[in-house]
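The structure appears right after this line, and notes come after that.
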Amino acid sequence: MVGLILAAGIAAAADIESLPGPVIHPYSFELLSNSRYSVHSGFNDTLPRQVLANVLWAMERAPRLGTFRELYVATRHNVYIYDPGSNTIVVHKPGDHRYKSGSAYEVGIAAARHEEVGFAIQAGLLAGLAFVDSAGPGVVSCPMTYGAHHANREWDPNHRIQMVNVYGLADSRNLDTTLVAISSDSTLPEPHTTSSDSFEMVLLDLNQDSAFMPLGLSLETVSQLLWAGYGVAPHRAYNGRRGLTVPSAIAGYYLTGRIYLVRSQGVDRYHNRPPGGNLDSADHRLEPVVTGDRRPELRLSSTRIPSTAPVYVVVCVSDTSSYMRMQEAGFTGFQFLAQARAMGLSGFLTMPLTRDERTAIATALSLPSGQHPALVFSVGELATGISEEERPALVEIVQARPVLRCGGSIRIEYLLRRSGMVRVEVYDMLGRPVCHIFKQKQPAGYHSVEWNGTRDNGELVKKGSYIIGIFAPGSVAQHKVTVF
């Protein structure tokens, strides 16, 4: 449990506790992913505060999809809320309100989208696992749905907590380099379970980019990405099923056979189990689905999908209303993005997807019935050599009021730096579409749009907060407006 401290904590008042800065461990993202497993019980509450500091820092580094994210921490002393700006935890509710009496920390995530919760959970799982040096007592954890139910009853959160990750100290396994993702038909080369970059260093550069060089990716690179996202790992789940690089509720592995690779050669389905194999088996292979380049059709299915990526990965679910499936899609999305960064590549997650986008993507790729796209991951070499944070956004809101009176209207002015198809839509705070204002090709320059506070059917929306999204190719600008 040693490493380089990045930053110092901040002095706190009686109801505020400062946290130490995160430490850098020598373990790679790939090694932690290959070694990840869940422990449901048998732990105690003697973990040092540094573990919590790294976990919360890692969760905050995960991508955002909505307008809010709240991280709650329950210990034997209090329930806290995390303030990432000051790196402190502030007492939210006094007293011991843990779900598991032996847990050291229970971290609850409140966010509008289950996919974003999945991002944060996965980051926190790997961050905690990095505090193991050898077999013996170490950091163990597990996402617990019943912990989330308990938290919403007992913690008095400001927003609904979607999942709770429970951490404790228990006998743990060594980090494991054993490779079990071996292709049964040689369609994919063997991935690597280690690399030179540490997990924390990958997190420091976990930005998204949407402009790519038109250079294809090697099959080795593709293999590594697919394994990191949803590949088999050495551990076994509680029911004997072969574990993956990501967790799954009751080891259901709901994305099995629902991940598609889209390249110039065609569309392939990724499999981590052999043909006809049970969930206790292992494989690592591609199954051709469509011959021929479907990337142009995929790019046309949504203006938000970057138009220059050489490779896309489409993750589907059987039910977009299932929190278990959508959080699992979030686990996988985080893994794709982190693995790309670990290899020096750029990645971009297009999500959440609207119903129209899901339908258009499934049609563009000729996906089988019942395959509902949850995200599109674009990956390739960065076009300009600078990060997305340093590159001006393609679309940028320059002026807009934050409130709208019922019966009135709001005007939003924005700058489009390159001509292209633009779509403007309104969503509620849960990401559900409310009003489709327009979709049209626009020239570069300044533009404006108005919304009169109505739904697609012309009815006035209820009082509350809404998000107006302006979507251009590979870019999105959002504006929060409160209707009263």
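Flag not set for Leu188, criterion: within 20 Å of Val317 (Cα to Cα) and crowded, with 24+ Cβ neighbours inside 10 Å. Taking the range 269-283 as the range and being touching a helix residue (DSSP H, G or I) at 6+ places or on another chain (Cβ under 9 Å) and not aliphatic (A, V, I, L, M) as the test, the residues that pass are Tyr270, Asn272. Among the residues of the range 302-343, the ones that are hydroxyl-bearing (Ser, Thr, Tyr) and surrounded by 24 or more Cβ atoms within 10 Å (Cβ to Cβ) come to 2 in all.
Quick grid of which residues meet (1) surrounded by fewer than 20 Cβ atoms within 10 Å (Cβ to Cβ); (2) among the hydrophobic types (A, V, I, L, M, F, W, C); (3) under 18 Å from Ile16 (Cα atoms); (4) touching a Phe, Trp or Tyr at 6+ places or on another chain (Cβ under 9 Å):
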| position | (1), (2), (3), (4) |
| --- | --- |
| Ile81 | yes, yes, yes, yes |
| Ser86 | yes, no, yes, no |
| Ala112 | no, yes, no, yes |
| Val117 | no, yes, no, yes |
| Ala120 | no, yes, no, yes |
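Residues of the range 93-134 that are under 29 Å from Val317 (Cβ atoms) and among the hydroxyl-bearing types (Ser, Thr, Tyr): Tyr99 alone.
When restricted to residues that are within 23 Å of the chain's Cα centre (by Cα) and in a loop (DSSP other than H, G, I, E, B), the range 251-287 contains 9.
Within the set Val180, Val166, the sole residue that is crowded, with 16+ Cβ neighbours inside 10 Å, of a type in the set (A, V, I, L, M, F, W, C) and under 20 Å from Asn54 (Cβ atoms) turns out to be Val166. Here Thr303, Thr350, Thr354 are screened, and the one residue that is more than 27 Å from Thr193 (Cβ to Cβ) and without any contact (Cβ under 8 Å) to a residue 60 or more places away in the chain is Thr350.
Which residue is surrounded by the fewest Cβ atoms within 10 Å (Cβ to Cβ), if the candidates are limited to the range 264-281 and must be within 19 Å of Ala251 (Cα to Cα) and touching a residue at least 60 places away in the same chain (Cβ under 8 Å)? Checked the range 264-281; the qualifying residue surrounded by the fewest Cβ atoms within 10 Å (Cβ to Cβ) is Pro274.
In the range 4-11, the count of residues that are at pLDDT below 95, touching a Phe, Trp or Tyr at 6+ places or on another chain (Cβ under 8 Å) and farther than 18 Å from Phe331 by Cα is zero.
Output yes when any residue across the range 47-65 is among the polar types (S, T, N, Q), over 23 Å from the mean Cα position of the chain (by Cα) and assigned to a loop (DSSP other than H, G, I, E, B), and no when none is. Scanning the range 47-65, I find no residue that is among the polar types (S, T, N, Q), over 23 Å from the mean Cα position of the chain (by Cα) and assigned to a loop (DSSP other than H, G, I, E, B), so the answer is no. The listed residues are Leu125, Leu56, Leu52, and the only one of them that is touching a Cys at 6+ places or on another chain (Cβ under 9 Å) and surrounded by 24 or more Cβ atoms within 10 Å (Cβ to Cβ) turns out to be Leu125.
The values are calculated or read from the model by the stated rules, or taken from the named source; none is laboratory data. No experiment lies behind these values; they were computed from the predicted model shown. With ideal geometry, Cβ positions are generated from the backbone for all residues, glycine too; neighbour counts draw on all protein chains shown.
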